[in-house]
1. Counting only C-alpha contacts under 8 Å and six or more residues apart, can you give the relative contact order of the chain as a whole percent?
2. If Lys and Arg each add +1 and Asp and Glu each add -1, what is the summed charge of the other residues whose beta carbon sits under 15 Å from the beta carbon of Y103?
3. Between A116, A366, A176, find the one with the highest GNM mean-square fluctuation for the chain; connect C-alpha pairs within less than 10 Å.
4. With Rg and the Kirkwood Rh both taken from Cα atoms, where does Rg over Rh land for segment 1-327?
5. Starting from the amide H of I210, placed 1.01 Å from N in the peptide plane, find each other amide H under 5 Å away whose residue is 5 or more places distant or on another chain.
6. Which percent of the accessible area of the chain is formed by carbon and sulfur heavy atoms (probe 1.4 angstrom)?
7. With θ set to phi - 60°, apply the Karplus curve 6.51 cos²θ - 1.76 cosθ + 1.60 along segment 317-323 and write out the HN-Hα couplings as whole Hz, x wherever there is a Gly or Pro.
8. Compare the Cα positions of T113, S259, G137 along the charge dipole of the chain (+1 at Cβ of Lys, Arg; -1 at Cβ of Asp, Glu; about the Cα centre) and return the one farthest towards the positive end.
Amino acid sequence: MALWDPRIEEMPQEDLRKMQYKLLKSLAYRLYSFSPFYHDRMKEQNVHPDDIRELADVKKLPFMFKRDLRDNYPDRIFTATQDELVRYHVSSGTTGKPTVVGYTQKDLDLWTTSLARGLTSIGLGRGDVIQVSYGYGLFTGGLGMHYGAERIGATVLPTSVGNTERQIELMQDLGATAIACTPSYLLHMGEVAEKMGMSIRKDTRLRTGILGAEPWTEKMRVRIEDWLGIKAYDIYGTSELSGPMFTECSEQNGFHVWSDLALVEIIDPKTEEPLEPGESGEVTITILQKEALPMIRYRIGDIAAMDDAVCACGRTNPRIHRIQGRVDDMLIIRGINVFPSQVEHALMAIPEVGQHFQIVVERKGALDDMLVRVELKKESFSDKITDLMKIRQNVEHRLRNSLNVNADVELVEPGSLPRFEGKSKKVIDKRSL
Ligand SMILES: [Zn+2]
């Protein structure tokens with residue numbers, strides 16, 4: 001198995017931690033001295049860079065949240081001047097102001113290096129044609145993946161999003177071997193290809209999917225792989241960290257987080273205390289070498305567990321396991337925590353169920369009411385009411401077992417729920433409207 005950067009990827013874990021400690025300490029000094037924002041934050045927290053005496057002392061440093069970026073719109077937290085910046089990306093805010101991320105040339109290089117390591121770890125390189133069907137522009141997905149793919153010597157097919165039929169034609173004509181997009185968009189492409197009378201499995205060279213920008217499950221992976229005849233790998237990141245940064249390796253068992261670039265903590269979102277490897281909590285990341293927009297203990301809001309054991313692929317750098325949900329996506333239904341990913345997990349285990357569903361939450365009287373709309377597979381959709389009743393009861397039963405809360409189920413025809421080319425919106429919470 002090829003390695004992009006063996007020195008870091010296979011470095012003994014003790015040495016990785018020593019390196020991280022040095023980088024953390026110098027980051028803390030730099031920000032204390034040169035960033036009014038971080039200087040004030042550290043003062044408020046009553047911590048001085050001298051107090052960082054070992055790696056675990058990271059927990060003495062203040063947290064950072066997305067709202068800090070919004071409150072300091074557009075660039076008041078930046079620690080590079082405009083003439084040192086070579087690029088901006090802007091993420092659309094679902095609430096309030098967008099957030100702006102600036103990059104120096106070194107920031108872009110490190111981001112690209114991170115992706116080069118990841119793409120190499122799933123066996124891509126020279127000779128591959130990588131179709132980038134993430135949006136190009138202010139969103140980080142398209143350009144980020146583009147530079148990573150070029151760095152490893154692959155040929156980039158920069159289709160961006162939209163015009164799906166043309167994307168499929170180009171995939172076939174130019175022999176794309178890999179595609180980077182959201183999992184829901186790849187499923188959509190699979191459906192469109194079938195409507196065009198062709199099959200991605202049989203009629204293209206596609207064998208790798210690098211799928212991210214929205215949460216998805218293991219069951220979804222099995223479906224995508226079986227249906228399209230590819231290997232599907234998860235990728236993780238967010239614009240505040242630079243963009244998509246960390247991919248799974250050939251083991252498909254968590255994202256390797258490169259220790260020279262990022263320090264990961266998993267914390268209890270309520271008590272803010274660090275959790276042990278294997279325990280699920282909020283992903284908190286310190287980007288160790290960023291110049292323009294440093295991030296100390298950034299609370300991403302994703303829920304996952306970490307694994308610090310040496311991976312079966314031989315890489316020593318720790319992994320974050322599959323994202324289980326968002327701290328703020330967590331629905332509280334009649335006092336019980338429900339993640340959309342749990343609903344997906346339960347549904348994908350039912351053979352009659354298709355790939356698309358939608359959760360609608362309402363308040364009826366004093367009680368929360370959850371409705372799950374479920375698309376059936378074409379072959380399972382029947383005119384017989386009794387058949388449908390049976391499937392519906394089974395779906396309700398499975399959901400109740402895995403969520404510990406009752407959900408009403410509505411079965412709908414294949415193709416009737418809305419499709420999304422970017423991030424899919426699976427939850428409509430009418431309680432907050
Ligand atoms: Zn690995």
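1. 14 percent
2. -4
3. Among A116, A366, A176, the largest GNM mean-square fluctuation belongs to A366.
4. Rounded to two decimals, Rg over Rh is 0.97.
5. The list, which skips near neighbours in sequence, is I179, A180, C181, Y233.
6. Accessible surface attributable to carbon and sulfur in the chain totals 49 percent.
7. Rounded to whole hertz, the list is 5, x, 10, 9, 6, 2, 5.
8. Sorting the options by dipole projection puts first G137.
The values are calculated or read from the model by the stated rules, or taken from the named source; none is laboratory data. Remember, predicted model here, so these are calculated numbers, not experimental data. Cβ sites come from the backbone with ideal geometry, for glycine too, and all protein chains shown count toward neighbours. These area figures cover heavy atoms from the full protein model, side chains too; ligands, DNA and RNA do not enter into them. Shrake-Rupley method; radii C 1.70, N 1.55, O 1.52, S 1.80 Å.
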